[in-house]
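In what follows, a single structure is set out as structure tokens and then discussed.
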Amino acid sequence: STSFGKEKLANWFNKHLDNKGMIEERQEAVRELAPELRFRQRFRILGLLYKGEAADRGEIEEWVASNSFFKGKKLLNASIYIVPAVNLIILILAMAGIVSFNMLGVSFVFFVTCSMRLSNSITKMQISYGKKLQILATYAGLIEMIEQREVKSMGLQKIQQQLGDKEQSASSAVNRLARLM
């Protein structure tokens, strides 16, 4: 149901296995999944919720390798604390009668003007992140379905082992990445 999966399946059809053990392992996995129509349909439907594109893989790899917009911008990162602190100080000074309440308005206009300069970059980033979040959420759901499935065949067990264990599963790592984004 994903472009990665379709590519993998196509490679399997185009390149036949030579090792008898691998062939039997794959056949055993297919025999285990064949009667599980409901599971396969749920997996397929979840995969289709996001209409993946062939470029998703390269786009995600490029995104992971790229530098963060906020990396190295200390003033921008510090502004998370500076803006509320400045506004709080001005509010306290105004309440004490040391400065005019108009200073709060001046402060507001100044910070809004500064934030508008960043709005184009942030809007582009939000659009890009929105698409990636959708991709990640779909993949996390698919991975979680595989992780939670009780399997008997060696081939399916190997796939589950590649996805990690209960403490550090691939789905929880992808979900954590999505939350951080």
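The values are calculated or read from the model by the stated rules, or taken from the named source; none is laboratory data. Fair warning: this is a prediction, and the values are worked out from it, not measured in the lab. For neighbour counting, all protein chains shown are included, and Cβ atoms are generated from backbone atoms with ideal geometry for every residue, glycine included.
One line per residue, one yes/no per condition, for (1) polar (S, T, N, Q); (2) surrounded by fewer than 16 Cβ atoms within 10 Å (Cβ to Cβ):
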residue	(1), (2)
112	no, yes
120	yes, yes
132	no, no
135	no, no
142	no, no
147	no, no
161	yes, yes
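List, please: which pairs have Cβ atoms under 7 Å, are six or more places apart or on different chains, and start with a residue in the stretch 89-107 that is surrounded by 15 or more Cβ atoms within 10 Å (Cβ to Cβ) and end with one that is aromatic (Phe, Trp, Tyr)?
Close Cβ pairs satisfying both conditions: 94/101.
Restricting attention to helices (runs of 4 or more DSSP H) lying wholly within the stretch 66-165, give those where 2 or more residues are closer than 30 Å to residue 24 by Cα and at pLDDT below 85. Please lay out each step first, then the result.
Working: elements: 74-95, 102-148, 154-162.
Those helices (runs of 4 or more DSSP H) span 102-148.
Name the single residue, out of those in the stretch 1-19 being touching a helix residue (DSSP H, G or I) at 6+ places or on another chain (Cβ under 7 Å) and of a type in the set (S, T, N, Q), that is surrounded by the fewest Cβ atoms within 10 Å (Cβ to Cβ).
Residues of the stretch 1-19 that are touching a helix residue (DSSP H, G or I) at 6+ places or on another chain (Cβ under 7 Å), as a first pass: 1-4, 17.
From the residues that got through so far, the ones that are of a type in the set (S, T, N, Q) too are 1-3.
Numbers: 1: 17, 2: 17, 3: 15.
Only one residue tops the list, namely 3.
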